[in-house]
1. Working out 0.36 nm times the residue gap between residue 170 and residue 382, then minus their Cα-Cα distance, what length gain in nm do you get to one decimal?
2. Using the 10 angstrom Cβ neighbour count as an exposure proxy, how do 303, 155, 228 rank, fewest first?
3. Between residue 181 and residue 101, what is 0.36 nm times their sequence separation minus the Cα-Cα distance? Round to one decimal in nm.
4. Between rounded, prolate and oblate, where does the chain land on the alpha carbon gyration tensor, with a ≥ b ≥ c its root eigenvalues, rounded for a/c under 1.5, else prolate if a/b exceeds b/c?
5. In percent, how large is the relative contact order of the chain, given Cα pairs closer than 8 Å and 6 or more residues apart?
6. What is the spin-label model distance, in nm, from residue 50 to residue 360 if the labels are put 7 Å beyond Cα along the C-beta direction?
7. Rounded if a/c is under 1.5, else prolate if a/b beats b/c, else oblate: with a ≥ b ≥ c from the C-alpha gyration tensor eigenvalues square-rooted, which is the stretch 7-195?
8. Order these by the 10 Å Cβ neighbour count, fewest first: 359, 238, 116.
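Every read-out reported here was derived from the displayed coordinates using simple, explicitly stated rules and does not represent laboratory data. From a predicted model like this one, the values you see are computed outputs, not experimental measurements. Here Cβ is always computed from backbone atoms with ideal geometry, including for glycine, and neighbour counts include all displayed protein chains.
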């Protein structure tokens, strides 16, 4: 059996992504514990999660820009290790101010890792293919899903307290190990392959503005629809008299379905036909999105799962297309497509769903997700033609 030549390096990169994203879910999971520890109300505890979201997502384009100007492969090592140390030590912090600093710096570690790592994932794959990007993103989903279980077990297992969160910091050891091994297996020429000569930012985007900003808009609105559905699940089930365990099960199904869609969609989408794939997937997701508000109780969970698969199908395709059409700024566009878009959607969705559910019902929030899905499709339709997108690749084909 012949393995992909980059299989060992890709495996280490995926493990690093899983470790990094594992810590990114700690703050949300620990909201109630932090509220009890520092006598915070629910709004104040939620602000801690917002601080983490700003650090982990909105800062990614900045680190991407830095990596595009200079060789940023060291961020692959520093980012996950910094997250492990800072976020794992939350239980040992005696002051709220120190806790806020640990959250922000630890989540900055998450932001450091993603632009450089996403660019490497694309490099490990064939030109124009989103397969490696899909595998990379699925590994992050796995880590994000494991994070709540890991930190909850560390601080609430029999005989343990919040102070025992430090145990999770031991994940810094495999993070450093995998990072160093990966860097040693990465030739200097390949790591700097697409760093290129330093250019003015305006020069990088010249002739690409329409394609870039429409792609970012399509990704942001797609992820906003995704997050509106995710946040509406609890309200939807509460209105139907279901308990918290049901909420957890439905959310788990929805998130797992997204990961499946990302993995399968990224592996099967045709190369150099991204515009068609994006339009088809964003049109297809409108079917379950618009069925969901009126779905009978017996099939609602199935519709949720289909929505997750369809909405995740071309997320890695969009990221890879962005990297290809900005050849001198791959890490910056990776930060925009994987950080800014997710962060913006994550900041808007919770208050939007809360307001719509309070003033009307979860039914209205789910209708809003369908409307946002239509906007995402419109952005994809407005993208330049595929021939123009291929021209922007800068000789990658």
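1. Between residue 170 and residue 382, full extension yields an extra 71.6 nm.
2. On the way: 303 18, 155 22, 228 26.
In order of increasing Cβ crowding within 10 Å: 303, 155, 228.
3. Values: separation 80, 0.36 × 80 = 28.80 nm, distance 3.00 nm.
Answer, rounded to one decimal: 25.8 nm.
4. Details: a/c = 1.73, a/b = 1.11, b/c = 1.56.
It is oblate, given that a/c is not under 1.5 and a/b is not larger than b/c.
5. Details: 684 pairs, mean separation 102.0, N = 397.
Once normalised by length, the contact order is 26 percent.
6. Simple spin-label model gives 2.4 nm for this pair.
7. Details: a/c = 2.24, a/b = 1.88, b/c = 1.19.
Prolate is the answer for the stretch 7-195, as a/c is 1.5 or above and a/b outweighs b/c.
8. 359, 238, 116
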